[in-house]
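Asker: I'd like to ask some things about the structure below.
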Amino acid sequence: MLRVKERLKLIIPLTLILIFGLLYMNTRSSLKSLVVMLAVPFSAIGAVWLMYLLGYNVSIAAWVGMIALLGLDAETGVFMLLFLDLSHNEAKARGQLRTTGDLVEAIVHGAVKRVRPKAMTVCAAFIGLLPIMWSTGAGSDLMKRVAAPMVGGLVTSFALELLVYPAIYYLWKRKSVVPGPESPADNGENSATTLAPC
């Protein structure tokens, strides 16, 4: 255990660096890569909670599960960022990013109105891990401790990505919005009232 602990001190930071490097090669943006990497602490919350509820101690198998979870986090994070970028770029191409309200609408469209494909991606990984959690055969104790962090981490990571990623994306992109008349999302008025003077 002590020998493996010393190895993990090298392997875990190396894994994070490799994931960041792959994300950077994919997105060509260090900021986008850092946003995706935010999923790591979010998923750790669910992983720790589920291990606590199941009464599992931190072990080598649990650390293997946590390392595997990092890859799943990157996948779901890239998927969320992809849809936010697509929605933002489509609105920009149509000239519909004149106000912060337009930006909020584009982000909501990317984050909320396309939940189904994102949920299907997470559910595919989640459902694939559930049989391991229910197994009772030889080696099941070890495999459960590998799968538990991944199952718990996927749940909280996906939930928090839907809440936190859009907010961070808004803070990042609002500086690029050209100032203009307020939209309904900014002042809460009816769109007909806002557009009437035009």
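Asker: Restricting to the stretch 129-139, name every residue that is hydrophobic (A, V, I, L, M, F, W, C), within 28 Å of the chain's Cα centre (by Cα) and surrounded by fewer than 15 Cβ atoms within 10 Å (Cβ to Cβ).
Answerer: L130, W134
Asker: Of the residues that sit in the stretch 4-31 and are aliphatic (A, V, I, L, M) and within 21 Å of Y165 (Cβ to Cβ), which one is surrounded by the most Cβ atoms within 10 Å (Cβ to Cβ)? It would help to see each step written out before you state the result.
Answerer: Within the stretch 4-31, the subset aliphatic (A, V, I, L, M) is 4, 8, 10-12, 14, 16-19, 22-23, 25, 31.
From what is left, the residues that are within 21 Å of Y165 (Cβ to Cβ) are 16, 19, 22-23, 25, 31.
On the way: L16: 14, I19: 20, L22: 14, L23: 22, M25: 9, L31: 10.
Only one residue fits best here, namely L23.
Asker: Restrict the check to the stretch 103-114 and report whether at least one residue is over 19 Å from the mean Cα position of the chain (by Cα), under 29 Å from S176 (Cβ atoms) and aliphatic (A, V, I, L, M).
Answerer: Yes, some residue in the stretch 103-114 is over 19 Å from the mean Cα position of the chain (by Cα), under 29 Å from S176 (Cβ atoms) and aliphatic (A, V, I, L, M).
Asker: A further question on this structure: So, in the stretch 125-147, how many residues would count as being assigned to a helix (DSSP H, G or I) and either in contact with a Phe, Trp or Tyr (Cβ under 6 Å, 6 or more places away or on another chain) or of a type in the set (V, I, T) (or both)?
Answerer: 4
Asker: With the structure loaded, tell me whether L84 is at pLDDT 85 or above, touching a Lys or Arg at 6+ places or on another chain (Cβ under 7 Å), within 19 Å of A167 (Cα to Cα) and assigned to a helix (DSSP H, G or I) or whether it fails that test.
Answerer: No, not satisfied.
Asker: Answer yes or no: is there a residue in the stretch 113-128 that is free of Cβ contacts under 8 Å to residues at least 12 places away in the same chain, surrounded by fewer than 17 Cβ atoms within 10 Å (Cβ to Cβ), farther than 20 Å from G71 by Cβ and of a type outside the set (A, V, I, L, M, F, W, C).
Answerer: The answer is yes, given that some residue of the stretch 113-128 is free of Cβ contacts under 8 Å to residues at least 12 places away in the same chain, surrounded by fewer than 17 Cβ atoms within 10 Å (Cβ to Cβ), farther than 20 Å from G71 by Cβ and of a type outside the set (A, V, I, L, M, F, W, C).
Asker: List pairs: first in the stretch 1-20 and under 23 Å from L34 (Cβ atoms), second modelled with pLDDT of 80 or more and among the aromatic types (F, W, Y), Cβ under 9 Å, 6+ apart or cross-chain?
Answerer: I11/W63; I12/W63
Asker: How do the pairs read when you match residues in the stretch 27-43 that are closer than 17 Å to V151 by Cβ with residues anywhere that are among the β-branched types (V, I, T) and part of a helix (DSSP H, G or I), using Cβ under 8 Å and keeping only pairs 6 or more apart or on different chains?
Answerer: Between residues of the stretch 27-43 that are closer than 17 Å to V151 by Cβ and residues that are among the β-branched types (V, I, T) and part of a helix (DSSP H, G or I), the close pairs are A39/T76; F42/T156; F42/V164; S43/T156.
Asker: Out of the residues in the stretch 32-56 that are over 14 Å from the mean Cα position of the chain (by Cα) and part of a helix (DSSP H, G or I), state the one that is surrounded by the most Cβ atoms within 10 Å (Cβ to Cβ). Show your work before the answer.
Answerer: Kept after step one, since they are over 14 Å from the mean Cα position of the chain (by Cα), are these residues of the stretch 32-56: 47-56.
Imposing the further condition that a residue be part of a helix (DSSP H, G or I) reduces the set to 47-54.
On the way: A47: 24, V48: 17, W49: 14, L50: 21, M51: 22, Y52: 11, L53: 10, L54: 13.
Top of the filtered list is A47.
Asker: Quick one: count up the residues across the stretch 140-198 that are over 20 Å from the mean Cα position of the chain (by Cα), modelled with pLDDT under 85 and of a type in the set (A, V, I, L, M).
Answerer: 7
The values are calculated or read from the model by the stated rules, or taken from the named source; none is laboratory data. Everything numeric here is computed off the predicted structure, so don't read it as measured data. In this analysis, Cβ positions are derived from the backbone assuming ideal geometry, glycine residues included, and neighbour counts consider all displayed protein chains.
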